[in-house]
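Visitor: Below are the structure tokens for one structure; questions will follow.
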Amino acid sequence: MPPRRILALVDCNSFYASCEKVFAPALANKPVVVLSNNDGCIIARSSEAKALGIPMGKPAFECRELFRHHDVAVFSSNYTLYGDLSARVMKTLATFTPRLEVYSIDEAFLDLTGMPDDIVVYSQHIRETVRRWTGIPVAIGLGPTKTLAKIANKLSKKDPTLGGVLDYGAHPEPDALLDQMAVEDIWGIGRRYAAMLERHGVVNARQFRNLPRDWVKKKMTVGGLHTLLELQGIPCIDLESMAPAKKSVTASRSFGQPVTRIEEMREALAVYTSRAAERLRKARMVANGVTVWVQTNTFIEGEPQYANSAFGALPVATAHTSDILKVASQVLDRIFRKGYRYKKAGVMLSGLEPIGCRQLSLLAPVRTSDPKAERLMEAMDRANARWGRDTLRLAACGIKQNWQMKQAARSPQYTTCWADLPEVRT
């Protein structure tokens, strides 16, 4: 008899807030919130902050009195720290199974089929190991399909007596579990379909699972049918051990203060292009084109509004920052208009190809590689990886960068910057 198929969804609890607590033990039982770019809105809350009723997405300035009254620790987003801790969590999880899919920065699917030990005990061991090695708490949902593992994970967080692990496949009353899951919270059911289902009296996962397959396929296409079958325990969504190839690379940020001069916009464009090109080289790919966009702040009433974007083709597919920036600057000249207070700009590299399989030009043969330029980019990437971001950068990126986004309460980059290493005093 083949072993029971068991997929696990490992989800980090309140990930951004948990990252902030790792290096601040004094925050262990205190409410913590993390703010979006430019310290705008609340994008993450610890369990203590959730218990206070602090809502997601609310502007931070509207919560200042609430923060002060409850002594809430407030942090600017620190994506460098979050990205590094995420990589450490995924590396830890990879020691338990060779079949792992990194689904997002704080979630991963693991195939635990055939594990010799009691699967709940084994999952508890995974939780304890991740907590001990990284400091990040996780919850684990187990099920025969990815959709059921997702549901088990959500429910494991709602019942403290489960100890952070719920095995849907071994639960004595699986239908009762599906009764607890609102149809809008099922993985793969969007708001539009959830509203349609509710109009037909389907409000929870059990009711959805019992719908006729033909009706679901007709109303929700094959994607909805796959979700239905997964709820019935029939696998339709495979584990993706390898991440799908990127189709584009994007870098964009809101400015800390309005940008009105093209000189400042050029600096921001150079920084964003450098970021995107660095990611492109890390993925061992080259780009065939670059799109640039700019926009004003649509939330300010009475100000003139403007937004535009344009595409520029690269003469030859490349990952060289300077070559991409040259074309991106030409695109910016086409779309930038004086007289506006710009809030945001961005760069997207598209037409990506593996670095050794770039398409050649039939009409205008050009040099397909530049060993000297490639060595320069490699040296720059190595220096920045070892000594910290922007240790080496293009002069076009500027010095003061007054337009940079606000991060008034950003924590140190404990794990990626030598100067931010925490000190231990005895």
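Visitor: Please note which strands (runs of 3 or more DSSP E) are completely contained in segment 242-351 and include at least 3 residues that are without any contact (Cβ under 8 Å) to a residue 60 or more places away in the chain and out of contact with any Lys or Arg (no Cβ under 6 Å at 6 or more places or on another chain).
Guide: Passing ranges, in order: 285-296, 307-318.
Visitor: Specify which of the listed residues (Arg192, Arg209) is open to solvent by 30 Å² or more (accessible area, probe 1.4 Å), basic (Lys, Arg) and at pLDDT 95 or above.
Guide: Sole residue among the options that is open to solvent by 30 Å² or more (accessible area, probe 1.4 Å), basic (Lys, Arg) and at pLDDT 95 or above: Arg209.
Visitor: Would you say Glu423 is under 29 Å from Val89 (Cβ atoms) and not in a helix (DSSP H, G or I)?
Guide: yes
Visitor: Tell me yes or no: at least one residue of segment 301-310 is surrounded by 14 or more Cβ atoms within 10 Å (Cβ to Cβ) and touching a Pro at 6+ places or on another chain (Cβ under 8 Å).
Guide: No.
Visitor: Regarding segment 154-170, can at least one residue be identified that is of a type outside the set (Phe, Trp, Tyr), more than 27 Å from Ser46 (Cβ to Cβ) and out of contact with any Leu (no Cβ under 7 Å at 6 or more places or on another chain)?
Guide: Checking segment 154-170: at least one residue is of a type outside the set (Phe, Trp, Tyr), more than 27 Å from Ser46 (Cβ to Cβ) and out of contact with any Leu (no Cβ under 7 Å at 6 or more places or on another chain).
Visitor: Applying the selection to segment 280-293, what residues are under 19 Å from Phe311 (Cβ atoms) and open to solvent by 40 Å² or more (accessible area, probe 1.4 Å)?
Guide: Of everything in segment 280-293, those that are under 19 Å from Phe311 (Cβ atoms) and open to solvent by 40 Å² or more (accessible area, probe 1.4 Å) turn out to be Asn288, Trp293.
Visitor: Condition first: touching a residue at least 40 places away in the same chain (Cβ under 8 Å) and open to solvent by 40 Å² or more (accessible area, probe 1.4 Å). Now tell me which residues in segment 382-413 satisfy that.
Guide: Residues satisfying the conditions are Arg389, Arg393, Ala396, Asn402, Gln404, Lys406, Gln407, Ala408, Arg410, Pro412.
Visitor: Ok, one more. Hey, could you check segment 156-174 for residues that are open to solvent by less than 50 Å² (accessible area, probe 1.4 Å) and of a type outside the set (A, V, I, L, M) and say which is farthest from Leu211 (Cα to Cα)?
Guide: Residue satisfying both the conditions and the ranking: Gly163.
Visitor: I want to confirm something. Restricting to segment 103-121 and keeping residues that are among the aliphatic types (A, V, I, L, M) and modelled with pLDDT of 90 or more, which single residue is surrounded by the fewest Cβ atoms within 10 Å (Cβ to Cβ)?
Guide: If we take residues in segment 103-121 being among the aliphatic types (A, V, I, L, M) and modelled with pLDDT of 90 or more, then Val121 is surrounded by the fewest Cβ atoms within 10 Å (Cβ to Cβ).
Visitor: Mind telling me which of the residues Ala24, Ala8, Ala17 ends up being open to solvent by 10 Å² or more (accessible area, probe 1.4 Å) and of a type outside the set (Phe, Trp, Tyr)?
Guide: Ala24
Visitor: Out of Gly114, Gly83, Gly135, report the one residue that is in contact with a helix residue (DSSP H, G or I) (Cβ under 9 Å, 6 or more places away or on another chain) and either farther than 16 Å from Ile237 by Cβ or of a type outside the set (Val, Ile, Thr) (or both).
Guide: The match here is Gly135.
Visitor: If we scan segment 177-188, do we find a residue that is modelled with pLDDT under 95, on the phi > 0 side of the Ramachandran plot and not β-branched (Val, Ile, Thr)?
Guide: yes
Visitor: Considering only segment 47-92, how many residues are of a type in the set (Lys, Arg) and under 27 Å from Gly256 (Cβ atoms)?
Guide: Final tally of qualifying residues: 3.
Visitor: Go through (1) open to solvent by 10 Å² or more (accessible area, probe 1.4 Å); (2) without any contact (Cβ under 8 Å) to a residue 40 or more places away in the chain for Trp133 and report which single condition fails.
Guide: (2)
The values are calculated or read from the model by the stated rules, or taken from the named source; none is laboratory data. Predicted model only: the values in this text are computed from it and were never measured. Reconstructed Cβ throughout: ideal geometry from the backbone, glycine too, with neighbour counts over all protein chains shown. These accessible areas exclude ligands, DNA and RNA; they are computed on the full protein's heavy atoms, side chains included. Shrake-Rupley method; radii C 1.70, N 1.55, O 1.52, S 1.80 Å.
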